[in-house]
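A quick write-up on the structure given underneath.
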Amino acid sequence: MISTVHQPFDTRIFHKEARSLARAGYSVYYIVRSEKGEEVDGVKIVPLPVFSSRVTRMVLLPWVALRRALEIRADVYHFHDPELMFAAAALKLITQKIVIYDIHENVPAQILNKDWIPKSMRKFVARLYRIVERALLRFYDALIVVGSGLAEQYKSSSKGKVVILANYPLIDNTAWLEIRDGVDKGSSLDAMGSPAVVYVGGLTHIRGVEQLLAAVAILKHQSRVPFTLKLVGPAQPPGYKQRLEEIIEKSRISDVVQLMGHVPYREALQIMRDAAVGVVTFLHAPNHISTAPTKLFEYMLAGLPVICSNFPLWQEIVSSTECGLTVNPESPQEIAKAIAYLLEHPEEAREMGKRGQRAVLQTYNWAREEEKLLALYERLLKERKTS
C-alpha cells in the first residue's frame, strides 16, 4: 500500500484494506507519511518524510515512495493517490509486478472545486488531468473505485479492470460496537437536554454547511421542539471558520449552533450516538453525485435517522431502507422542514434509525467488500502465476 496524501491510520487504507489483507495472510507494508516505522495489527508502517509544503509533497514525495517500494520487492503495489500515477507507472515498468490504482474520488470533478487552484485554470487542469490519467491507466492491472458512478466513468478506458469497493463502515470495529449497543439505551438528548442534530465531517462550502445554517435560522423560529446543531469537523480552507462564525452571529443562531472543530474519533462517535438526527446535505457536484458518502452509512450504523441530498444514488439507498428523508441540498426551507419533521415525530425517527442500522449490519458493511478485495488479489496473483 502506498499513499503520500493520507494518514498512517486512514480508515479505508489501513483499517479496512490493509488489515483485511493482513488477516488473510498477506505480508502488508504501508508506505505513508509518518514520524516513525512500526507494526500495527500485522501491517508494517514504512515512514515517508512529512513535508509541510503541498508542492514539495506532490513533486518530490512520490519518487521517495517509489524508492521505498522498490526496496520492499513486493508482489503487488497498491497505490491510493493521483499524484502517485507516474511513480506507479515507473514501478510497473521496472518490476513488472501487479500494480493496483485505488481511486477514492472523482478527481477531475474535485479539481473544479479546489481552492488552491486559480479559478480561471481549473477547467484546463481538469481536462489535462483526464488526458494524463487516460494515458497512464494502461500500466495498471486493476482499478478500484468506491461507487458505480466512478465505475461507469472508467469502464470504456479500462475494460475488465474496474472493481467497486464501496466505503461501507467496519461493523467489527470495537468503538462502533459500543455505539451500536447503546443506541436503544441512549436518550438522543445533548448535555443541555435538547435533541441534537449533527453533521460530522469537513466543513466546506461545497458540503452545504451554509445552507444548513440557513435552515437552522428558519427552524429556530418555526420548530415546536428546542434543538441544537453540532458541526463536528475542521473548517476548510483557512479562514472559512471565520465566515461560518459571521453567518452564525448575523443569523442570531449562536445559542443553538456549536462549531466543535476536529474531535477525536471516539468522541465523534459518541456525539453521533447521543444525537437525534444525522445530516449530510452536500451540494450538487459530480464527485458527490457519483458516490454515496461514508458519513451516510456511519449515521445509519449509529442508529440515526438521516437527512441527505436527493441525488439519485443517495435517494435510492434512503428510500429502499426507509431510514430517513432526502431533500434538495440547495434549499434551506426543505432542510428545515425535514429536520422539524424528525424532531416532532421522535418515534417514527427512531424506527427510521433502527431500519438504517439493520440495513448496514446486513448489507452496507465492509465485510462484503473485504470478500471482493481478497477475490481481486487472488485473481490477479493467479493470472500472473499462469501467464
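Throughout, read-outs are computed from the coordinates displayed, never taken from laboratory work. What you see is a predicted model, and the numbers here were worked out from it, not measured in a lab. For neighbour counting, all protein chains shown are included, and Cβ atoms are generated from backbone atoms with ideal geometry for every residue, glycine included.
Observations on the structure shown:
- Here K92 is the anchor, and the lysines within straight C-alpha reach of less than 21 Å, apart from those fewer than 8 places off in the same chain, are K159, K161, K382, K385.
- Average Cα contact separation per residue, the chain, under 8 Å, 6 or more apart, as relative contact order %: 14 percent
- Estimated [θ] at 222 nm from DSSP helical runs (n ≥ 4, -39500 (n - 2.57)) normalised by residues in the chain, nearest 500: -14000 deg cm²/dmol
- Charge dipole (the chain, unit charges on Cβ, about Cα centre) - positive-most of N106, P226, I72: I72
- Links that overshoot a 19 Å alpha carbon limit, given the list K295/K354; K114/K230; K295/K337; K16/K97; K241/K295; K16/K44: K114/K230; K295/K337; K16/K97; K241/K295
- Furthest towards positive pole of dipole, F124, Q270, G37, structure part the chain, Cβ charges: F124
- The length gained by stretching the chain between I72 and S194 to full extension, at 0.36 nm per residue less their Cα-Cα distance, is 38.5 nm.
- Neighbour counting of Cβ atoms within 10 Å sorts the residues K155, K220, fewest neighbours leading, into K155, K220.
- Relative to the dominant Cα principal axis of the chain, helix 366-386 is inclined by about 10°.
- Ranking of Y265, Y299, Y168 by neighbouring Cβ atoms within 10 Å, starting from the fewest: Y265, Y168, Y299.
- Whole-number percent relative contact order across region 198-314, with pairs defined as alpha carbons under 8 Å at least 6 apart: 30 percent
- A Cβ-based charge dipole, computed about the Cα centre of region 218-286 with Lys and Arg at +1 and Asp and Glu at -1, lands at about 140 debye.
- Extension gain for Y129 to V55 (0.36 nm times residue separation, less C-alpha to C-alpha distance): 25.0 nm.
- Net +/- balance of residues flanking Y199 in space, Cβ distance below 13 Å, scoring K and R +1, D and E -1: +1
- Highest GNM mean-square fluctuation among S148, S320, S53, for the chain modelled with Cα contacts below 10 Å: S53.
- Helix 209-222 vs. the chain, principal-axis angle (Cα, 0 to 90°, nearest 10): 20 degrees
- Charged side chains reduced to their Cβ positions (Lys and Arg at +1, Asp and Glu at -1) give region 174-362 a dipole of some 140 debye around its Cα centre.
- Look at the dipole of the chain built from charges on Cβ: of G147, A90, T11, the Cα furthest out on the positive end belongs to A90.
- Electrostatic bookkeeping for I111 treats Lys and Arg as +1 and Asp and Glu as -1; over the other residues with beta carbon under 12 Å from its beta carbon, the sum is +3.
- Rounded to the nearest 20 debye, the dipole size of the chain about its Cα centre is 1400 debye, using +1 on the Cβ of Lys and Arg and -1 on the Cβ of Asp and Glu.
- If you take all other residues with their beta carbon under 12 Å from the beta carbon of L325, and give Lys and Arg +1 and Asp and Glu -1, the sum is -2.
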